[in-house]
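Worksheet for the structure shown next.
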Amino acid sequence: MHVAKTLTEKILAEHIVEGALDKGHEVGIRIDHCLTQDSTGTMAWLEFESLGLDKVQAELVVSYSDHTSLGFKGESTDDHLFLQSIASHYGAKFSKNGNGVCHQVHYERFGIPARTLLGSDSHTPTAGGLGMLGIGAGGADVAVAMGGGLFYLTVPKVMRVVLTGNLPWGVTAKDLALEILRRISVKGGVGHFIEFAGPGVKTLSVPERATITNMCTETGATSSIFPSDAVTKKFLEMQGRGSDWRPLTADAGASYDQTLEIDLSSLVPLVAMPGSPDNVRPVAEIAGTKIDQVFIGSCTNGSYKDIKVVAEILKGKHVAKEIDVVVSPGSRQVWEMLLKDGSFLALTQAGVRMIEPGCNACIGIGFVPGTNSLSLRTVNRNWKGRGGNELGKLALTSPEVAAASALKGAIADPRELSPVTVRVTKLIVDDAMIVEPEGPSAPIRRAPNIAKMAPPRPLPPVLKGEVLLKVGDGVSTDAILPAGPLTQHLRSNLPEIAKFTFHYEDKTFAARAMERGGGFIVGGDNYGQGSSREHAALAPWQVGIKAVIAKSYARIHKANLVNVGILPLVGDVAGFDKGDQLEIDVSDLTRPLVVRNVTKGTTIPVKAELSARDIRMIRVGGLLAMALAGKK
């Protein structure tokens with residue numbers, strides 16, 4: 001009997017190798033494409049190398065260099081040389097510095113509807129704008145998938161977002177994404193895939209759809225996806241890849257766990273004010289708020305249309321003299337289009353600083369906001385410290401709002417300006433900066449900063465130690481292990497980068513953890529939200545953390561903790577304080593556990609919400625240890 005399926009269920013059904021398509025149950029799926037980037041990729045490739053395989057086994061693997069493309073320190077350049085050479089050696093393509101941000105380049109040049117993509121970056125669901133099922137994961141998961149292994153996930157619930165109407169001038173795909181965050185928050189998508197449907201879908205281009213799927217990551221959703229339709233086909237034809245198109249839509253009568261209805265015509269320009277992507281306000285309420293910087297670009301809003309609209313708004317004008325404005329296109333394709341049509345010159349003459357395609361300011365590599373400065377950005381995250389300075393402030397918005405605000409030197413409503421229309425009918429295709437692999441004959445270049453990982457630590461029957469830190473709700477991976485110039489050059493050197501664990505929260509944390517032989521972290525709700533940054537689990541592991549006790553976890557971070565052998569426990573954390581000595585009998589993780597607070601003389605029940613596979617993994621010391629054991 002035919003059962004009507006959602007988009008997500010159709011793709012999962014085609015890729016399930018282990019398990020069944022039942023919500024709440026774990027399945028192992030085949031991964032078609034894998035991507036890594038230079039921030040998380042060095043560790044992912046070191047982990048792949050440890051598997052002892054001769055070459056990558058996935059259909060396509062691309063190693064991207066985009067986060068530290070300017071090589072701001074020698075160690076970063078060492079990483080780039082390592083990544084290019086190891087990709088070449090094991091059969092992966094390499095996207096060079098300046099070619100663009102992995103997410104945008106992948107959907108432009110490689111994405112295929114109905115395929116699966118696993119990436120060592122939380123914004124991998126950007127590919128969903130093309131009808132591809134993109135999932136962010138830690139480096140170890142990606143390493144195993146590159147080697148042909150399965151990726152395991154819990155079959156999630158599916159949220160349908162039904163779109164009607166059309167976006168009016170001055171209101172964009174970014175505003176739709178911010179509206180979704182305003183309605184459901186940074187936790188509202190947890191445990192869900194998000195699918196888009198309704199007549200409003202056909203009014204959105206593939207880059208606009210990619211903006212939305214990129215930002216839906218901030219809801220905590222596992223992934224998000226649009227149908228593959230005539231709009232998708234036209235985009236792929238403009239990329240010279242029309243043969244990759246495949247129609248994909250949900251079956252009539254498919255069942256959804258939740259439905260959100262949004263009339264595009266009713267939306268207004270929005271801004272996510274500092275602190276969280278869901279701190280969303282209508283631009284009309286905050287117009288006039290002074291700003292110090294404007295950054296336009298990134299994987300969220302780096303498409304040709306995004307930047308071309310900004311150029312048209314600024315053409316013949318000049319940005320406010322008291323602010324700094326930077327534009328970074330999302331890809332080399334966009335860069336060349338802007339050069340060809342005169343937009344590059346128009347932006348330059350308007351007082352904009354043009355910088356090469358890449359992540360750049362989004363992660364605090366350059367253009368770091370000053371003390372108490374407000375930086376208005378078209379990126380996807382604005383937590384404390386995200387821009388490279390814990391004292392700087394970030395607000396998120398669309399390119400149109402950013403351009404209007406750049407002219408005024410304060411947050412402004414673009415609807416007060418003359419409407420601008422941009423139609424994209426042709427794209428430049430130039431893959432000169434994508435390097436094909438040479439194979440095993442290519443030597444791997446390793447600098448001293450690229451350090452080997454310590455051996456895995458199997459789980460002992462009893463965990464003992466001190467609560468080294470207690471944090472509140474919504475702690476992000478940026479808070480656990482900062483991005484930006486503080487640590488970006490140390491991504492290949494776990495012993496060194498681990499010294500910055502919880503740097504913004506408590507600069508003594510790492511040293512205390514090492515002095516005491518490790519211990520415990522106590523967290524709040526949605527612990528580890530945000531980036532897929534595996535280092536946010538590896539760094540605590542490096543300094544000896546044995547378990548985390550929290551109210552709940554973000555999906556990727558919980559998986560990363562398990563992958564490195566740190567036990568994620570769930571329970572009421574009110575009875576724990578920094579400095580408490582704890583003991584936990586973990587000899588049987590299938591039964592309810594009890595934490596004995598030796599300091600307070602109390603016992604507190606906790607749960608290890610783990611699958612049977614997770615438990616096996618934790619026991620032997622993590623995913624790589626289990627993968628290697630399976631080869632023997």
Of all residues making up region 205-252, the number that are of a type outside the set (Asp, Glu), part of a loop (DSSP other than H, G, I, E, B) and surrounded by fewer than 23 Cβ atoms within 10 Å (Cβ to Cβ)
12
When residues of region 27-51 are limited to those that are in a loop (DSSP other than H, G, I, E, B) and out of contact with any Gly (no Cβ under 6 Å at 6 or more places or on another chain), the one surrounded by the fewest Cβ atoms within 10 Å (Cβ to Cβ):
ARG30
Filter region 376-405 down to the residues that are among the small types (Gly, Ala, Ser) and out of contact with any Gly (no Cβ under 6 Å at 6 or more places or on another chain) and list them by number.
GLY385, GLY392, ALA395, SER398, ALA402, ALA403, ALA404, SER405
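Residue by residue, here is whether (1) at positive phi; (2) part of a loop (DSSP other than H, G, I, E, B); (3) not hydroxyl-bearing (Ser, Thr, Tyr) holds:
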residue: VAL309; (1), (2), (3): no, no, yes
residue: GLY316; (1), (2), (3): yes, yes, yes
residue: LEU339; (1), (2), (3): no, no, yes
residue: PRO357; (1), (2), (3): no, yes, yes
Do we have ALA451 as among the aliphatic types (A, V, I, L, M), in a loop (DSSP other than H, G, I, E, B) and more than 22 Å from GLY288 (Cα to Cα) here?
yes
Could you please find all residues in region 232-279 being β-branched (Val, Ile, Thr) and more than 17 Å from ALA114 (Cβ to Cβ)?
THR259, ILE262, VAL268, VAL271
Out of all the residues in region 405-420, is one or more within 28 Å of the chain's Cα centre (by Cα), crowded, with 17+ Cβ neighbours inside 10 Å, in contact (Cβ under 8 Å) with a residue 24 or more places away in the chain and assigned to a helix (DSSP H, G or I)?
yes
Any residue in region 315-329 that is in contact with a Ser or Thr (Cβ under 6 Å, 6 or more places away or on another chain) and buried (at least 17 other Cβ atoms within 10 Å of the Cβ)?
no
So ASP54, is it of a type in the set (Asp, Glu), part of a loop (DSSP other than H, G, I, E, B), over 21 Å from the mean Cα position of the chain (by Cα) and not assigned by TED's automatic domain parsing to the domain that holds VAL564:
yes
Any chance region 451-467 includes a residue that's exposed (fewer than 14 other Cβ atoms within 10 Å of the Cβ), closer than 20 Å to SER39 by Cβ and in contact (Cβ under 8 Å) with a residue 60 or more places away in the chain?
yes
(1) within 22 Å of GLY253 (Cα to Cα); (2) assigned to a helix (DSSP H, G or I); (3) not polar (S, T, N, Q) all hold for PHE196 apart from (2)
Specify which of the listed residues (LEU589, LEU624) is under 29 Å from GLN37 (Cα atoms) and in contact (Cβ under 8 Å) with a residue 24 or more places away in the chain.
LEU624
Only one residue in VAL429, VAL379 is modelled with pLDDT of 95 or more and either in a helix (DSSP H, G or I) or surrounded by fewer than 17 Cβ atoms within 10 Å (Cβ to Cβ) (or both). Which one?
VAL429
Out of ASP257, ASP263, ASP251, ASP278, sole residue that is among the acidic types (Asp, Glu), over 23 Å from VAL105 (Cβ atoms) and in contact with a Gly (Cβ under 8 Å, 6 or more places away or on another chain)
ASP263
Selected residue (only one of PRO274, PRO282 is surrounded by fewer than 24 Cβ atoms within 10 Å (Cβ to Cβ) and either without any contact (Cβ under 8 Å) to a residue 60 or more places away in the chain or on the phi > 0 side of the Ramachandran plot (or both)):
PRO282
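The values are calculated or read from the model by the stated rules, or taken from the named source; none is laboratory data. None of the values given here were measured: they were computed from a predicted structure. When we count neighbours, we look across all protein chains shown, and the Cβ atoms used for this are built from the backbone with ideal geometry, even at glycine.
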